[in-house]
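Peer 1: Before anything else, here's the structure in question.
The values are calculated or read from the model by the stated rules, or taken from the named source; none is laboratory data. Just so it is clear, the structure is predicted and the values come from calculations on it, not from any experiment. Glycine also receives a Cβ, built like all others from the backbone with ideal geometry; neighbour counts cover every protein chain displayed. When the accessible area is computed, the model is the full protein with side chains, heavy atoms only, and any ligands, DNA or RNA have been set aside. Shrake-Rupley method; radii C 1.70, N 1.55, O 1.52, S 1.80 Å.
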Amino acid sequence: MERLTTQVAIIGAGPSGLLLGQLLAKQGIENIIIERSSGDHVLSRIRAGILEQGFVDLVEEAGCAGRMTEEGHVHSGFVISDQDQQYRIDMQSLTGGKVVTCYGQTEITRDLMEAREESGQQTYYDSPVNSIEDVESSSPTICFTHQGKEYQLSCDFIAGCDGFHGISRQTIPSSIRNEYERVYPFGWLGLLSDTPPVSDELIYCKNERGFALASQRSETRSRYYLQVPLTEKVEDWADERFWDELKQRLPKEASEQLVTGPSIEKSIVPLRSFVCEPMQFGRLFLVGDAAHIVPPTGAKGLNLAASDVSTLYKVLTRVYKEGDLACIAQYSEVCLRRVWHGERFSWWMTNMLHEFGESELASQEGGIFEKLMGSELDYFLTQPHGQKIIADQYVGLDYEELK
Ligand code: RFL
Ligand code: PHB
């Protein structure tokens, strides 16, 4: 058994772990990242694409925003289509100037990995964390395996940035852990292709055949999603079938513009709302997907992870720079307030834009649920103050400061 020590041990090299590591390093706080998979595997996961300004600012603060600034695209609005009626949510004018940036999670992860490599910080890839111990003491430890050898890492604090299926959350005793969950009766089938996007802006489409989203990564790379039943298998979706279905769900104008081509990636994601409370136990902090999951309809998953990172970064900076250990007790409460707003927005967008069909949730209510959601969508889209409420939440609520 080899023994290591550091100030902050970070479990997981997804965007949460890498961004936190980079920010702490900038403050001279030493950290080690332990990641179960290989770097290439982490980079192969195609996920989010829309970044709030708070996220962009944080990446800038970490000194990793070069490529994002050059290659990312600022979006000042997006479209919601309700059957064939299209409504542009002009985020910039509705929010007094706020916008979002379109830049893929894969690219941010790559930029953060490169910056970490250059800074000489230690990262152990292909190294699953097997146990977390003594989080209630002042010297917690984590045990992991690397190249067949066992390691024990002692630290001051542990950041559990290990995603929904990670080990950190389970370390909080079930007697004090509350988990809230809703599993939706459908998933999203995503397709990435090197074809020009169907529109300059994202289009969220409500359609009686099911929801669809037209998104993008660049002028030459598109990302599309279709609502599918949970029973669907990706193998049954040849590219042709995907494109045919998408054409039927996009508004007519967009459908006529659609350029199709071979897929680079295709996968199905189940949709879930999930929150774990509290997000801190002793010297262990849960960050990002380790503590909460949202359905992707509001583009909030990665952005909520970033606000957790920002809060933990402020907490740990205060601990190390000012010796204020008591401020760690603020972490969970500050994060959860913003998390629940993101959860509610994502749940609401999902309810309004998807078809619930014969699902238990809809049929329990004898069809009134879909009618009410249809009316809700119509109200928010046709009233100017309704559109402002959507825009304010889509660009992201302000980050909360510590007391
Ligand atoms: P991640 O990205 O899941 O990273 C967690 C990392 O922890 C590692 N790990 C361990 N390492 C060591 N030892 C262990 N025992 C470990 N257990 C786990 C994992 O290998 C992994 O590398 O979490 P993080 O950093 O919090 O980042 C969160 C974001 O990835 C996530 O919120 C978003 O991608 C969510 N999400 C989407 N969000 C959006 O805003 N828009 C989207 O379109 C969107 N699409 C998605 C998504 C999430 C998906 N998942 C989780 C299946 C599509 C998918 C498929
Ligand atoms: C994406 O581009 O992957 C994306 C964008 C917006 C969403 C969800 C996913 O709401």
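Peer 1: Hey, can you find the accessible area per residue of the stretch 168-255 for me, probe 1.4 Å, expressed in square angstrom?
Peer 2: With all protein chains present, the stretch 168-255 gives 45 Å² per residue.
Peer 1: Could you let me know the centre-to-centre spacing of the stretch 95-160 and the stretch 301-326, using Cα atoms, in angstrom?
Peer 2: So the two Cα centres are separated by 15 Å.
Peer 1: Please give the contour-minus-distance gain from Ser175 to Val74: 0.36 nm per residue of separation, less the Cα-Cα distance, rounded to one decimal in nm.
Peer 2: Length gained between Ser175 and Val74: 31.8 nm.
Peer 1: Within straight cross-link reach of Lys314, meaning Cα distance under 17 Å, which aspartates and glutamates are found once same-chain residues fewer than 8 apart are removed?
Peer 2: By straight Cα distance, Lys314 reaches Glu30, Asp57, Glu60, Glu61, Asp156, Glu322, Asp324, Glu333, Asp398, Glu400, Glu401.
Peer 1: Answer with one residue from Gly282, Phe356, Ala305: the one whose Cα lies farthest towards the positive end of the charge dipole of the stretch 277-403, charges on Cβ with Lys, Arg +1 and Asp, Glu -1.
Peer 2: Projecting each Cα onto the dipole axis, the largest value belongs to Gly282.
Peer 1: If you don't mind, there's one more thing I want to ask. Got the relative contact order for the stretch 247-403 handy, in percent, Cα pairs under 8 Å and 6 or more residues apart? Please list the in-between numbers first.
Peer 2: Values: 129 pairs, mean separation 31.7, N = 157.
That works out to 20 percent.
Peer 1: Heavy atoms of the protein only, probe of 1.4 Å, neighbouring chains included. What is the accessible area of Asp324 in Å², nearest 10?
Peer 2: So the heavy atoms of Asp324 present about 50 Å² to solvent.
Peer 1: OK, next. Report, in whole Å, the centroid distance computed from the Cα atoms of the stretch 247-295 and the stretch 1-53.
Peer 2: A separation of 20 Å, based on Cα centres.
Peer 1: Starting from the residue with the highest accessible area, list Ile176, Ile10 in decreasing order, probe 1.4 Å.
Peer 2: On the way: Ile176 75, Ile10 0 Å².
Largest accessible area first, the residues go Ile176, Ile10.
Peer 1: What are the ³J(HN,Hα) couplings of the stretch 159-172, residue after residue, when phi is run through the Karplus curve with 6.51, -1.76, 1.60 and θ = phi - 60°? Round to Hz, x for glycine and proline.
Peer 2: 9, x, 10, 9, x, 5, 9, x, 9, 4, 4, 5, 6, 6
Peer 1: Using a 1.4 angstrom probe, figure out how much accessible area the stretch 1-111 has per residue, in square angstrom, rounded to the nearest whole.
Peer 2: Result: 39 Å² per residue.
Peer 1: Summing Lys, Arg as +1 and Asp, Glu as -1, what charge do residues with Cβ under 13 Å from the Cβ of Leu361 carry, Leu361 excluded?
Peer 2: Taking every Cβ under 13 Å from that of Leu361, the sum is -4.
Peer 1: Follow-up question, since we're still on this one. Give a residue-ordered list of calculated ³J(HN,Hα) values for the stretch 20-35 (Karplus: 6.51 cos²θ - 1.76 cosθ + 1.60, θ = phi - 60°; whole Hz; x for Gly, Pro).
Peer 2: Karplus values, whole Hz, x for Gly and Pro: 4, x, 5, 5, 5, 4, 4, 8, x, 9, 6, 8, 10, 9, 10, 10.
Peer 1: Moving on. Counting alpha carbon pairs within less than 8 Å and at least 6 residues apart, what relative contact order, in whole percent, applies to the chain?
Peer 2: For the chain, the relative contact order is 19 percent.
Peer 1: Here is a further query. As an exercise, use a Förster radius of 22 Å and the Cβ-Cβ distance of Tyr379 and Glu253 to find the FRET efficiency, rounded to the nearest 0.05.
Peer 2: Step by step, r from the Cβ atoms, then E = 0.35.
Peer 1: Want the number for Cys143 to Leu397: 0.36 nm per residue separation, take away the alpha-carbon distance, what's left?
Peer 2: 87.7 nm
Peer 1: Right, something else. Can you work out the FRET efficiency for the pair Met1 and Glu61, with r the C-beta to C-beta distance and R0 = 30 Å, to the nearest 0.05?
Peer 2: Approximately 0.20, to the nearest 0.05.
Peer 1: To continue, here is another question. With all protein chains present, how much of the accessible area of the chain (probe radius 1.4 Å) comes from carbon and sulfur, to the nearest whole percent? Spell out each step's value before the answer.
Peer 2: Details: 8140 of 17010 Å².
Carbon plus sulfur share of accessible area: 48 percent.
Peer 1: May I ask which residue of Cys102, Ser175, Tyr87 lies farthest towards the positive end of the charge dipole of the chain, with charges of +1 (Lys, Arg) and -1 (Asp, Glu) on Cβ and the Cα centre as origin?
Peer 2: Ser175
Peer 1: Now a separate question. Assigning unit charges at the beta carbon (Lys, Arg +1; Asp, Glu -1) and nothing else, what dipole magnitude in debye, to the nearest 20, does the stretch 135-249 show about its Cα centre?
Peer 2: Magnitude of the dipole: close to 160 debye.
Peer 1: Okay, next question. Roughly how far apart, in whole Å, are the Cα centres of the stretch 164-197 and the stretch 327-403?
Peer 2: Centre-to-centre distance over Cα atoms comes out at 17 Å.
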